[in-house]
Amino acid sequence: MMKKTILISGGAGFVGLNLTDYILKIGKYKIIILDNLSSGNLELLKDIVKKNKAEYSERLSEKADVIFIKGDVRDKKLDNIFEATDFVVHLAAQTGVIPSIENPFSDAEINIMGILNLLNYSVKYKIKKFVFSSSAAPLGEQLPPLDEGKIPSPLSPYGASKLAGEGYCKAFYGSFGVNTVVLRFSNVYGIYSYHKGSVVAEFLKRIMGKKSIYIYGDGNQTRDFIYAGDLANVIIRAIEKKGVGGEIFQLGTGVETSVNQLVKYIKDIVKEDVIVEYKPERKGEIRRNWTSIRKANKILEFKPDINLKKGLELTYDWFKKRGKNAF
């Protein structure tokens, strides 16, 4: 039987690399990656393909397990890619709260026009499933745990643009029958994240560089940290599960962890002196954030395998092995 093909936008980025690694391990799908390499890492992608003894190409006409195409989700010449695609996982995005505040027009151009373009192609080429990576940002400040029944109230342009993407997914499901699934990621961390500015990656890089780490606010703000390998697993579950078109799923671990507690875990793992500096709280950032995963557990049968301590150990080990050569 011929393998189905998954198109991963932003597939050379952190989550995309973990997803590619996971897909190659299970061996059920071919992969096309569309990435403009603004933050992606092509060398890491090639390393993952090689590690999994898979075939790599940069030409659609060639038969390979992973085909990389350099391009942007806003491009108007994606017909050849979509002709060869069965499923879409849309990861490409402007992902920062602070950059979205500094330049909301750029944030909207990438996050809104990008998904609209891919959804339009999905209608044209009758894509079987369209999985969109959203976040907790559309919900804004809510009494946790976050769940799918909360009314969105974004605090930042980033949250607003992600909410718009969710709206377009629902609209294209209702108007055109595209089987869209929205996955709201909580704070993702893990291997292949050396280039990321997210809290775990930033802390580990600064510690390895013998620099102090910065906490904005008092450190009692909380997050739900999910390991990227667990996230890859549930993305494939969303692709394979029937009858979930138009649905939204909150994804995390269901565990609330403060930034101060995160630092304690990291100190135990790195076994080094860590200097912590507290700085003023940043605008637009959510105070408390953890997730109910009851719906994902019930419908997608999702249960995270890697707890935070184990995930931090795996991430730090990878950082030590790769160091600055990771990007």
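Structural remarks
- Residue check for Leu118: part of a helix (DSSP H, G or I) and either acidic (Asp, Glu) or closer than 26 Å to Glu247 by Cα (or both): yes
- Test: residue in region 295-318 that is within 24 Å of Leu204 (Cβ to Cβ) and among the aromatic types (Phe, Trp, Tyr): yes
- Of all residues in region 242-291, those satisfying the criterion of being in contact (Cβ under 8 Å) with a residue 60 or more places away in the chain, of a type in the set (D, E, K, R) and surrounded by fewer than 20 Cβ atoms within 10 Å (Cβ to Cβ) are Glu256, Glu272, Glu277, Lys279, Glu281, Arg282, Lys283, Glu285, Arg287, Arg288.
- Within region 1-115, strands (runs of 3 or more DSSP E) holding 3 or more residues that are closer than 18 Å to Ala232 by Cα: 4-9, 29-35, 87-90
- Condition check for Ile266: of a type in the set (A, V, I, L, M, F, W, C), in a helix (DSSP H, G or I) and under 18 Å from Val131 (Cα atoms): no
- In region 155-241, counting only helices (runs of 4 or more DSSP H) that sit wholly within it, the ones holding 1 or more residues that are closer than 27 Å to Val274 by Cα and within 21 Å of the chain's Cα centre (by Cα) span 199-208, 228-240.
Here, each number is a calculation from the coordinates, and none is a lab measurement. What you see is a predicted model; the values in this text were computed from it and never measured. Note that each Cβ is placed from the backbone with ideal geometry, even for glycine, and that neighbours are counted across all protein chains shown.
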